[in-house]
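The values are calculated or read from the model by the stated rules, or taken from the named source; none is laboratory data. Please read all numbers here as calculations on a predicted model, not as lab measurements. Glycine gets a Cβ as well: all are built from the backbone with ideal geometry, and neighbour counts include every protein chain shown. Heads up: the accessible areas ignore ligands, DNA and RNA and are worked out on the full protein's heavy atoms, side chains in. Shrake-Rupley method; radii C 1.70, N 1.55, O 1.52, S 1.80 Å.
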Amino acid sequence: MNTTVRVLPSSALLLLSRRLQFTIVLLFPWLAFGHIIPFLELSKSLASNGDIQISFISTPSTIKRLPPIHPPIDNLPAGCEATVDLKDGQQTQDLKIAYDLLQAPIETLLNQIKPDLIIFDLINCWIPDVGAKIDVPTAFFSVYYAPSLAFVGPPWQCKESNMERTPEYLTSVPERIPFPSRVACRYHEAVGMNEALNTKDATGLSTGDRLVKVVEGCNFVLLKSCTELYGDYVNLLKDLYQKPVLSIGLLPPHVQDSSVRSISGDSSNSEMFHWLDKQQPKTVVYVSFGSEYKMSIEEIHVLAFGLESSELPFLWVLRKPEGNQR
């Protein structure tokens, strides 16, 4: 049986916006490109409707037309306005401190814009309080897929005293998932996830604390997921969160917006897809380290040698290596 996956991510939200008469929507993502890009794609999809005015908040280096509202932080180097600019985990905590200090200027801005809806991210967990203060509904837009959120669980579970939890509890499928699932962490993944969820950082909050605030405080949740792939998890989240959960699609970029270049230097994807069409099913190795990971030239050489030694066809998404100015 063939399954068609929708690629018009804003259609469900557009329907909701018309029902609730949203005409001005403000989007406010966390300062990481893995968050900014989905928020941007959602903005473009909503704006294409023509009846919705979009306001997109980020830092000056991300959106040049916005006024500088980034508060100074002593330990944060000048020009560091997104996680891609940072060197270590401590600077990430400093960026979160700066981000949290945006609450007052953002509240002033919102009073000026007077939006009908605020779509916000996980880190700015104070947005529901601001929204309630100015009587504007808020929607938590999760760039994490539905299975990941279902794996983490309901807000009340994150509220418990988790400082003594060990990573082992994240290495198996939780009992709250009532259908067949393989969603679980490998041990090395569980170590980092357990620390993020259960350990308070320099802001005084853990990621788990922030998740509790956004889920309990928002009016509804938007998921970067589609029901054709993750319908069981979406329905489970509705039960876990006890509030409306809306799946708005995977938010793929439009083909004409793609900056991926083929081997020949052509900016279109036609050559890449033509090459893929000639490969046997389940034979191509896809290599990508996300939107921000910086590989050194030495790491690139080692990985390239491994891929060559595998003698398998591969597709490698490669950013400019750290320290390479060419």
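For this structure, a couple of remarks:
- Additional length obtainable on full extension of the chain from residue 296 to residue 316, 0.36 nm per residue less Cα span: 5.7 nm
- Cross-link pairs beyond the 26 Å C-alpha cut-off, checked among 96/159; 96/213; 44/200: 44/200
- Inter-label distance, nm, simple model (7 Å from Cα along the C-beta direction), residue 172/residue 113: 4.6
- Stretchable slack from residue 23 to residue 220, in nm (0.36 nm times residue separation minus alpha-carbon distance): 69.2 nm
- Spacing of the two label points (7 Å from each Cα toward its C-beta) at residue 135 and residue 53, in nm: 1.9
- Spacing of the modelled spin labels on residue 191 and residue 156, each 7 Å from Cα toward Cβ, amounts to 3.4 nm.
- Protein-only accessible surface at a 1.4 angstrom probe places the residues 302, 287 in the order 302, 287, largest first.
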